[in-house]
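Working notes, structure below.
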Amino acid sequence: MRDFRQPKGRDLLDRCGGFFEWQDTRRRSGTWPFSRSTESGPNASCAVRDDRGNLFEGANFSSQDYLSLSSHPVVKAAAVEAIERMGVHSAGSPALVGNTSTSVELERRLASFLGMSYTVLFPTGWAAGFGVIKGLVRSQDYILIDALAHSCLQTGAAAATRNVVPFRHNSVDDCRAKLAKIRAKDIDAGIMIATESLFSMDSDTPDIAALQSLAREYGATLMVDVAHDLGNLGPSGTGHIGMQSMLGQVDLVMGSFSKTFASNGGFVVTNSPAVKEYLRFYSPSCTFSNALSPSQVATVTCALDIIEAPEGAVLRERLMNNVLSLREQLTRRGLGYYGDPSAIVAVASGDEGLARLTARKLPELGLLANLVEFPAVARGKARFRLQVMAGHTANEIETAAACMEAAAISATAQLENRKTKPPQALAI
Ligand SMILES: Cc1ncc(COP(=O)(O)O)c(C=O)c1O
């Protein structure tokens, strides 16, 4: 994919052709496992159509509905009720009249859930990540960013300043060294440290408390993206921030509703009313974009009700049991995976060719799983990001492990075969 990031030629439209040709060769050989659509929404098992129109059915480990709230009857009823009462549209920016009494209440609820005071809602998590950086950081400022941080943070950083300094993934020491160097030459610049509480390609976590005290020591601001763990991990669903006893103590927390909260939308929470108001009017992806619709707000609010209730604890326990069972079964079958137990079980595949052949086999066997390859992860470190849900049955967990093993065996045999035969017309 990276080869086509800087296409050559002055015709902006014409130069898209190189990527399309490469993609289409993969599509025709069945090794393009992206842009699929479900027939039924993100259920634990579902039918999925690929972008050639082929239909597959299987256990769905490619959706991020971690607590399975998207099909929860009470959540669905809340969305329908909101549509009946308030219509389907917010029809305005939050800076004008796009908010509703329910979105204002959601802001209050979310801040309190995170032990903080104020929330700014955004149309998506991506918009929140981009917007919190672009809204606060100016060209003379610096951003220290974890080298593996999400696209929304990287793009926000690049849009805000040329002074973007990546630090080694989850390395507090490297962050400290780079922060000290910046401060030694510039005592006046603003500095934001941007990281995530749970990295979705590796299922690992930084020492948030250490990063926050580092930020305080050097007069910097810490911003943590909690998209993947908020609601589904930690005490009462407060994620790694809660697990590290940092509730209410991180300078800025941003996240997404698109995983555990069963909707689209994003947020930033802060303890400062001034920061909240500043973001609302200077973060372009908030100010100049429509507010969440009433049904999105109702979905998220109802999901939060469940997350905070005893039912949330039951769902989190079910999710973690599924995660631990999947990891155990993969180990038994000789398959490796990355990181610590979380809803993301990233099964190591390695070589891109092997991974693409494995991806081609999976849907035939009855498993829907996302392939992640370079440049989203390092070259030679391709993996299958299995996203586990509370609603997966024991049978679906077993299917996932068995299919991963069978597909890897089949792909390895195919690759061996290719070494001894003349090349086939297969783009891998
Ligand atoms: C870490 C992280 N931050 C932000 C986002 C963006 O969230 P959304 O899907 O709500 O735009 C994602 C989702 O892909 C993510 O993984």
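Among the residues here, residue 63 qualifies as surrounded by 17 or more Cβ atoms within 10 Å (Cβ to Cβ) and under 27 Å from residue 342 (Cα atoms).
When restricted to residues that are more than 15 Å from residue 208 (Cα to Cα) and out of contact with any helix residue (DSSP H, G or I) (no Cβ under 7 Å at 6 or more places or on another chain), region 229-259 contains 1.
Restricting attention to region 120-149 and to residues that are assigned to a helix (DSSP H, G or I), of a type in the set (Gly, Ala, Ser) and near the ligand (Cβ under 9 Å from one of its atoms), the residue that is farthest from residue 265 (Cα to Cα) turns out to be 129.
Taking region 233-264, which residues are under 16 Å from the mean Cα position of the chain (by Cα) and away from the ligand (no atom under 13 Å from the Cβ)? Of everything in region 233-264, just one residue is under 16 Å from the mean Cα position of the chain (by Cα) and away from the ligand (no atom under 13 Å from the Cβ), namely 233.
I'd like to verify a number: residues in region 218-232 that are over 19 Å from residue 109 (Cβ atoms) and more than 11 Å from the ligand (Cβ to nearest atom), how many? Selection size over region 218-232: 6. Residue 212 meets each of the listed conditions (1) within 22 Å of residue 131 (Cβ to Cβ); (2) within 16 Å of the ligand (Cβ to nearest atom) apart from (2).
Take the conditions of a type in the set (A, V, I, L, M, F, W, C) and either surrounded by 23 or more Cβ atoms within 10 Å (Cβ to Cβ) or more than 28 Å from residue 382 (Cβ to Cβ) (or both) and apply them to residue 177. Does it pass? Considered against the rule, which asks whether it is of a type in the set (A, V, I, L, M, F, W, C) and either surrounded by 23 or more Cβ atoms within 10 Å (Cβ to Cβ) or more than 28 Å from residue 382 (Cβ to Cβ) (or both), residue 177 comes out as yes. Looking only at region 167-180, decide whether some residue is in contact (Cβ under 8 Å) with a residue 24 or more places away in the chain, of a type in the set (A, V, I, L, M) and within 16 Å of the ligand (Cβ to nearest atom). No, there is no match, as no residue in region 167-180 is in contact (Cβ under 8 Å) with a residue 24 or more places away in the chain, of a type in the set (A, V, I, L, M) and within 16 Å of the ligand (Cβ to nearest atom).
Residues in region 228-270 that are in contact with a His (Cβ under 7 Å, 6 or more places away or on another chain) and charged (D, E, K, R): 229, 259.
Here, each number is a calculation from the coordinates, and none is a lab measurement. Only a predicted model underlies this, so the values are computations on that prediction, with no experimental measurement involved. As a convention, Cβ positions derive from the backbone with ideal geometry for all residues, glycine included, and neighbour counts pool all protein chains shown.
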